[in-house]
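Reviewing the structure listed below.
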Protein chains: 2
Amino acid sequence: MSLLPAELIRKKRRGEAHDRGEIEFLVRGFTSGEVPDYQMAAWLMAVCFRSLSSAETAWLTECMIHSGQTLEFKIPGKIAVDKHSTGGVGDKTSLIIAPLTAAAGVPVPMMAGRGLGHTGGTLDKLEAIPGFNVRLNLDAFKKLVVETGTAIIGQTKEICPADLKLYALRDVTATIDSIPLICASIMSKKLAEGVGGLVLDVKFGSGAFMKTAQEAEVLAKTLVEIGRFHGLKITAFLTSMEQPLGRFAGNSVEVQECMDILQGRTCEDGGVDFYADTRELSLRLAAAMLVLGGQAADAQTARATCEELLRSGAAWRKFREICENQGAKPGWELPRAGHEAVVTSPGSGYVAQILCEEVGLAGIELGAGRRRAEDEIDHAAGIEVLVKLGQKVEKGQPLFRLLAGRKDVFAGATARLAKSVRIGPKPPAPVPLIHAQITEQGVFYG
Amino acid sequence: MSLLPAELIRKKRRGEAHDRGEIEFLVRGFTSGEVPDYQMAAWLMAVCFRSLSSAETAWLTECMIHSGQTLEFKIPGKIAVDKHSTGGVGDKTSLIIAPLTAAAGVPVPMMAGRGLGHTGGTLDKLEAIPGFNVRLNLDAFKKLVVETGTAIIGQTKEICPADLKLYALRDVTATIDSIPLICASIMSKKLAEGVGGLVLDVKFGSGAFMKTAQEAEVLAKTLVEIGRFHGLKITAFLTSMEQPLGRFAGNSVEVQECMDILQGRTCEDGGVDFYADTRELSLRLAAAMLVLGGQAADAQTARATCEELLRSGAAWRKFREICENQGAKPGWELPRAGHEAVVTSPGSGYVAQILCEEVGLAGIELGAGRRRAEDEIDHAAGIEVLVKLGQKVEKGQPLFRLLAGRKDVFAGATARLAKSVRIGPKPPAPVPLIHAQITEQGVFYG
């Protein structure tokens with residue numbers, strides 16, 4: 001019996017479950033062009049309303065993996081591990097984690113992304129480094145991971161072409177926000193990458209795609225379930241994105257923050273180390289990677305190893321090695337913005353709320369991100385975040401320092417930032433940076 | 001501000017209402033090709049889940065009307081009236097109603113459709129008449145209506161092109177079943193046709209698209225509301241499609257049934273007139289058209305006029321005139337099938353249920369309808385329905401006589417028909433043919 005796309009759409013519209021063959025028919029047909037975009041778009045929207053079961057999501061993931069090439073890392077005694085973040089503002093941990101974990105002996109084949117919506121992307125950040133090449137071919141990528149422990153590139157056309165095509169369609173049909181579709185997209189890429197372990201940083205809050213810890217938990221659990229179904233060692237952290245991570249949001253400035261941390265520097269301001277959260281999150285995620293990679297017996301030992309690798313300069317040397325391996329120009333320096341502006345506090349009190357998405361969008365106004373896929377990025381543009389949630393501020397005190405290559409972008413960015421901070425009479429209840437960890441054994445809070 | 005299709009899809013996905021400009025943007029953009037099929041498909045599926053408000057449905061209807069040409073019938077002292085049926089099995093009333101109503105002095109500009117799914121179409125039936133041309137251009141159509149009172153053609157490309165394109169997309173994306181989309185499609189065509197009055201035959205039951213009287217009532221009320229919004233005189237009947245209408249389902253055979261009724265003939269079998277329901281429904285619908293067309297003060301007077309026009313042969317003469325006007329060959333005869341088969345009762349008892357959709361699908365197996373849009377029809381193929389609901393039958397007694405041009409189609413059709421009738425120990429509760437009438441004043445049952 002031949003399957004009719006319209007019948008499968010109707011089935012999902014009614015809330016019925018597909019079998020494996022039906023999912024394969026849709027994904028293969030769509031990738032080959034036999035199932036046209038308009039039928040896939042209708043099916044995707046039906047999925048947004050009716051969702052997919054765990055089994056359907058697993059089959060979808062599998063079909064996307066097998067739509068292209070898959071990598072494998074056979075390194076004796078080693079398990080390749082990657083990290084994936086669902087995206088945030090100032091979320092720069094990959095630049096610390098990749099060299100740190102690789103320095104600990106865990107191979108890290110990292111396929112990263114570009115900025116999406118108001119969130120930044122690892123590839124854009126790395127390209128702030130003059131000469132850095134994120135478009136290595138798969139052979140060069142594999143060779144670097146095997147020989148030097150890590151490399152960071154973008155998704156190539158050979159990896160999960162079905163996901164590439166499906167994602168592009170979802171983007172223009174308002175069908176991005178669907179937990180099973182998000183999960184299948186993330187997991188198919190990571191599984192095709194050939195890792196044996198995966199650490200997920202699932203963010204929630206005003207600067208994340210998931211607004212609440214509850215939503216993030218559902219997403220994280222589904223991701224962990226798919227990973228386990230495919231035999232992956234996997235763990236997920238639910239982390240707060242109620243304020244930008246660290247001191248900076250942008251490209252050049254975020255690379256600088258990471259280089260500082262890798263060199264053991266802090267960023268003291270008013271008795272607070274503004275690098276503390278970036279460092280803490282990086283250490284927690286890297287330590288989990290060491291455990292999954294079999295390089296440490298438990299998180300505590302792994303954490304101690306990571307701290308030592310930061311202290312000794314081994315992680316910093318690995319970072320410089322990555323840059324060299326991927327074409328950074330000898331003696332490179334990060335670009336600096338020619339213009340700056342400051343946004344000050346409209347009143348006195350405590351920083352009660354930061355609309356973190358607005359901070360990300362202000363970064364786009366400055367040129368640090370893209371409005372449309374074809375936009376060029378100003379790598380030197382960015383925002384220095386001068387206050388943290390709960391901090392006491394006086395009227396007129398600087399809240400943000402803005403950096404850009406052009407002065408005319410400050411008006412729009414300033415307007416967004418001015419409305420992004422709420423000053424209240426008392427400090428808000430503190431939100432821990434790391435809300436919970438989800439492992440095979442369950443959910444562990446704190 | 002320019003509108004983004006993806007934003008509008010997202011809005012509908014969230015269940016928010018569009019304004020008039022947004023609906024216009026989508027329909028115009030889709031018709032011109034600026035809004036691609038895949039975005040429209042996602043929007044349509046979101047509409048299936050979230051529905052449209054009365055206002056949105058009215059705007060959609062209006063946009064579709066104005067996507068093409070609109071007709072107008074300015075005939076002194078006359079109001080042009082049409083009838084629309086939501087489709088059934090053996091539903092042939094248009095062939096009686098058009099000549100009958102025109103003979104009463106009401107202009108009937110009838111734009112009819114082809115078979116859809118398991119239901120038959122007026123155009124396919126008329127084409128069983130050798131030479132009958134349903135593809136007149138709009139000028140010829142208008143001229144015939146003005147000069148002779150009626151003509152029956154198919155929807156041309158000039159009328160509601162947006163609906164034509166949207167309907168084709170809905171058909172392949174499982175987005176047909178949506179009350180606002182169905183209503184906008186029906187009403188835009190009828191309003192563009194230039195009628196001042198419209199009688200709707202909204203069917204429910206095993207042979208209709210709406211399975212229950214409740215669903216049909218919702219659809220009918222929405223249709224009446226849109227019609228009134230556009231200044232149309234409109235009324236809707238909710239009629240039962242729990243068994244095929246009349247004695248025959250097919251093309252040639254249905255035309256023959258109508259010709260018999262127009263000539264005052266009955267079809268007695270076991271003390272029952274198998275034409276009674278076709279005649280009764282035609283009279284009720286035609287009488288309502290006379291009232292809307294201002295040719296009768298009330299339904300009772302109108303009914304008497306219609307009965308007299310049947311009795312006198314005036315309606316029959318008008319039917320022959322229509323055939324002549326639209327190119328039927330002089331001395332034409334309906335095609336007759338070369339082969340026949342019989343399906344008998346598997347047991348003794350009462351006809352407790354007829355799965356009417358299966359009867360329609362059996363007709364398609366015989367060649368009386370299409371599996372795909374490009375299929376050719378065997379106009380002589382059809383089914384003679386030998387029993388009515390509640391009738392007492394003996395084991396082995398014929399239930400259906402099948403007619404076709406080829407013998408090899410009988411196996412599939414017989415299998416469907418054998419399972420379409422349930423014989424029970426007692427007759428089912430009788431379902432009245434006409435369940436209710438919906439007018440501007442409300443719902444009137446019986």
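The values are calculated or read from the model by the stated rules, or taken from the named source; none is laboratory data. This one's a predicted model, so the numbers in the text were calculated from it and none came from an experiment. Neighbour counts run over all protein chains shown; Cβ positions are idealised from the backbone, glycine included. The accessibility values were calculated without ligands, DNA or RNA, using every heavy atom of the protein model including side chains. Shrake-Rupley method; radii C 1.70, N 1.55, O 1.52, S 1.80 Å.
At a threshold of 30 Å², the residues of segment A:161-182 that become less accessible to a 1.4 Å probe in the full protein assembly than in their chain on its own are A:Val172, A:Thr173, A:Ala174, A:Asp177.
Averaging the Cα positions of each part gives two centres, and for segment B:17-90 and segment A:360-388 these lie 43 Å apart.
If only the Cβ of Lys and Arg carry +1 and only the Cβ of Asp and Glu carry -1, the dipole of segment A:81-213 around its Cα centre is close to 80 debye.
Rolling a 1.4 Å probe over the protein heavy atoms gives segment A:179-331 an accessible area of 35 Å² per residue. Placing +1 on the Cβ of every Lys and Arg and -1 on the Cβ of every Asp and Glu, with nothing else charged, gives segment B:186-234 a dipole about its Cα centre of roughly 60 debye. When Rg and the Kirkwood radius Rh are both evaluated on Cα atoms of segment B:201-254, their ratio Rg/Rh stands at 1.10.
Computed from the Cα positions only, the extents of chain B along the three principal axes stand at 72, 47, 41 Å, in decreasing order.
When the accessible areas of A alone and B alone are added and the area of the pair subtracted, with a 1.4 Å probe, the result is around 1800 Å², both sides summed.
For the protein assembly as shown, DSSP calls about 60 percent of its internal beta bridges antiparallel. Taking all C-alpha pairs of the protein assembly as shown, those more than 55 Å from each other amount to 32 percent. Taking Cα centre as origin and charging only the Cβ of basic (Lys, Arg, +1) and acidic (Asp, Glu, -1) residues, the dipole magnitude of segment B:292-446 rounds to 500 debye.
Nonpolar atom fraction for segment B:192-281, defined as the carbon and sulfur part of the 1.4 Å probe accessible area, stands at 52 percent. Checking the a/c ratio against 1.5 first, then a/b against b/c, what shape does the Cα gyration tensor give for segment A:285-439? Oblate, because a/c is 1.5 or more while a/b does not exceed b/c. Sequence-ordered 3J(HN,Hα) estimates for segment A:228-238 from the Karplus curve with 6.51, -1.76 and 1.60 and θ = phi - 60° stand at 5, 4, 9, x, 8, 7, 8, 8, 10, 10, 9 Hz, glycine and proline given as x.
Let me know the shape class of segment B:62-175, please: from the alpha-carbon gyration tensor, a ≥ b ≥ c as square roots of the eigenvalues, rounded when a/c is under 1.5, otherwise prolate if a/b is greater than b/c, or oblate. It is oblate, given that a/c is not under 1.5 and a/b is not larger than b/c. Projecting the Cα atoms of A:Ile176, A:Gly149, B:Pro130 onto the charge dipole of the protein assembly as shown (Cβ charges, centred on the Cα centre) puts A:Ile176 farthest toward the positive pole.
Here the Karplus relation 6.51 cos²θ - 1.76 cosθ + 1.60, evaluated at θ = phi - 60°, turns the backbone of segment B:206-223 into coupling constants of 5, x, 10, 6, 8, 7, 10, 4, 5, 4, 4, 5, 4, 4, 4, 5, 5, 4 Hz, with x for every Gly and Pro. Classify segment A:144-250 as rounded, prolate or oblate, taking a ≥ b ≥ c as the square roots of the eigenvalues of its Cα gyration tensor: rounded when a/c is under 1.5, otherwise prolate if a/b is larger than b/c and oblate if not. Rounded, because the longest to shortest axis ratio a/c is under 1.5. Of the residues B:Phe237, B:Gln295, B:Thr212, the one whose Cα sits farthest toward the positive end of the charge dipole of segment B:196-316, with +1 on the Cβ of Lys and Arg and -1 on the Cβ of Asp and Glu, is B:Gln295. Couplings 3J(HN,Hα) for segment A:326-339, derived from phi with the Karplus relation 6.51 cos²θ - 1.76 cosθ + 1.60 (θ = phi - 60°), are 9, x, 4, 5, x, x, 4, 10, 6, x, 10, 6, x, 10 Hz, where x marks Gly and Pro.
Here the peptides A:148-161, B:21-34, B:235-248 are ranked by packing, the mean other Cβ count within 10 Å, and the order with the highest first is B:235-248, A:148-161, B:21-34. Roughly how many Å is it from the Cα centre of segment A:284-305 to that of segment A:392-419, as a whole number? Result: 39 Å between the Cα centres. Inter-chain Cβ neighbour count for B:43-53, averaged per residue, equals 4 (cutoff 10 Å, partner chain atoms only).
Take A:372-380, A:64-72 and order them by the average number of nearby Cβ atoms within 10 Å per residue, most first; the result is A:64-72, A:372-380. Over the Cα atoms of segment A:358-440, the radius of gyration divided by the Kirkwood radius equals 1.08; this is the Rg/Rh ratio. A straight line joining the Cα centroids of segment A:226-269 and segment A:306-331 runs 17 Å. Residues in segment A:71-171 average 33 Å² of solvent-accessible surface per residue, probe 1.4 Å, ligands and nucleic acids excluded.
Sparsely packed loop sites in segment B:274-354 (the GluC sites (Glu not before Pro) outside DSSP H, G, I, E and B with at most 12 other Cβ atoms within 10 Å) comprise B:Glu333.
Think of it as helices only: each DSSP H run of n ≥ 4 in chain B is worth -39500 (n - 2.57), and spread over all residues that comes to -13000 deg cm²/dmol at 222 nm.
Calculated FRET efficiency, A:Glu324 to B:Arg406, Cβ-Cβ distance, R0 = 51 Å: about 0.10 to the nearest 0.05. Considering only A:Leu310, A:Ala249, A:Ile261, and ranking their Cα positions along the charge dipole of segment A:246-369 that arises from unit charges at the beta-carbon of Lys, Arg, Asp and Glu, the one farthest toward the positive end is A:Leu310.
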